[in-house]
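K.L.:
First, the structure itself, so that you have it in front of you.
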Amino acid sequence: MKKVITILTVLSIVLSSGLVYIVVRAKAMGDTELYKYSSDPIIVGKRFGGNYPIRFWAQPNDDSVKELAQKLKSKSDLITTINVFNWYEESYVYTTDNMAITNHGEEVISGKDDTWLLPSEVIEMKKQKGVIKADCEDSAVIASILEAAGLKAYMNIGIIRITDLTTGQVSNYGHGFPSVVIDGTEYILESTIGQKISELRSGTVFYNKDKTMKVEYIPYVKFNSQRVIPVTFGANVNDIPDPLPPAKISEIKEIWNN
């Protein structure tokens with residue numbers, strides 16, 4: 001599905017589905033901010049050809065993120081996490097990105113495949129269309145909302161490894177997934193399955209019910225607005241396999257429903 005972004009003015013964007021993003025909340029980075037993030041890994045070509053420090057996608061201080069965090073926050077970190085996750089999942093459809101910027105119907109910049117949306121853009125998409133159509137790394141909005149609510153949350157970028165234990169076949173896919181730390185335990189929040197949860201599951205390796213399939217989450221790096229943590233030694237965040245194809249979502253869902 002091709003999502004088209006149309007610039008109506010310097011501060012207006014329209015998606016092909018009719019989504020109008022009236023205010024671009026992601027402010028341009030000045031010299032001071034760029035210096036602040038100068039040690040970050042640079043994500044190459046994932047946003048209309050531009051190269052940005054990875055924490056560009058952490059927005060806990062964005063007004064729309066803070067407002068939503070206050071609405072979803074509970075006295076319990078566990079309930080807050082479930083509230084935020086279910087807000088995302090209740091209207092989520094996994095789709096790979098194919099985006100472009102147009103001006104009065106004419107494409108002026110190709111976004112190419114796997115364009116990374118900002119958290120504020122995902123929130124605006126749901127506000128205006130009532131649905132979130134995005135792929136895995138766009139779930140950075142979950143980490144930003146949780147961070148805005150005062151939790152220790154991260155966005156992880158790396159791979160998901162699916163192993164068929166009956167044949168031994170191993171498949172690696174590029175993957176992004178939020179995680180949250182509660183009482184010293186880190187929990188992965190698998191956002192691509194499009195279903196609500198009532199509890200969290202710790203660990204990085206999971207199996208289906210009959211133990212014929214194994215899924216491993218292997219982050220190369222994780223980040224929030226405060227820090228970037230390399231996880232896999234020597235891994236290059238720009239050198240990851242193609243994203244998880246939509247046809248594989250049923251396998252991931254089977255694992256998480258076990």
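K.L.:
Those residues that are assigned to a strand (DSSP E or B), in contact with a helix residue (DSSP H, G or I) (Cβ under 9 Å, 6 or more places away or on another chain) and either at pLDDT below 95 or within 18 Å of M155 (Cβ to Cβ) (or both), I need them from region 182-221; list them, please.
P.N.:
Result: I182, Y187, V221.
K.L.:
Could you tell me whether region 47-54 includes any residue that is modelled with pLDDT of 95 or more, surrounded by 12 or more Cβ atoms within 10 Å (Cβ to Cβ) and in a helix (DSSP H, G or I)?
P.N.:
Yes, there is a match, as at least one residue in region 47-54 is modelled with pLDDT of 95 or more, surrounded by 12 or more Cβ atoms within 10 Å (Cβ to Cβ) and in a helix (DSSP H, G or I).
Yes/no per residue for (1) touching a helix residue (DSSP H, G or I) at 6+ places or on another chain (Cβ under 7 Å); (2) outside any loop (DSSP other than H, G, I, E, B); (3) buried (at least 18 other Cβ atoms within 10 Å of the Cβ):
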| site | (1), (2), (3) |
| --- | --- |
| A100 | no, yes, yes |
| I109 | no, yes, no |
| W116 | yes, no, yes |
| E137 | no, yes, yes |
| I142 | yes, yes, yes |
| E147 | no, yes, yes |
| A153 | yes, yes, yes |
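K.L.:
Might you let me know whether region 228-237 holds any residue that is in a strand (DSSP E or B) and within 20 Å of L78 (Cα to Cα)?
P.N.:
no
K.L.:
If you scan region 119-134, which residues turn out to be crowded, with 24+ Cβ neighbours inside 10 Å and part of a loop (DSSP other than H, G, I, E, B)?
P.N.:
Those that are crowded, with 24+ Cβ neighbours inside 10 Å and part of a loop (DSSP other than H, G, I, E, B): none in region 119-134.
K.L.:
Of these, G130, G111, G194, which one is on the phi > 0 side of the Ramachandran plot and more than 15 Å from the chain's Cα centre (by Cα)?
P.N.:
One residue alone meets the criteria, G130.
The values are calculated or read from the model by the stated rules, or taken from the named source; none is laboratory data. Note that the structure is a prediction, hence the values are computed from the model and not measured. Cβ: placed from backbone, ideal geometry, glycine included. Neighbour counts: every protein chain shown.
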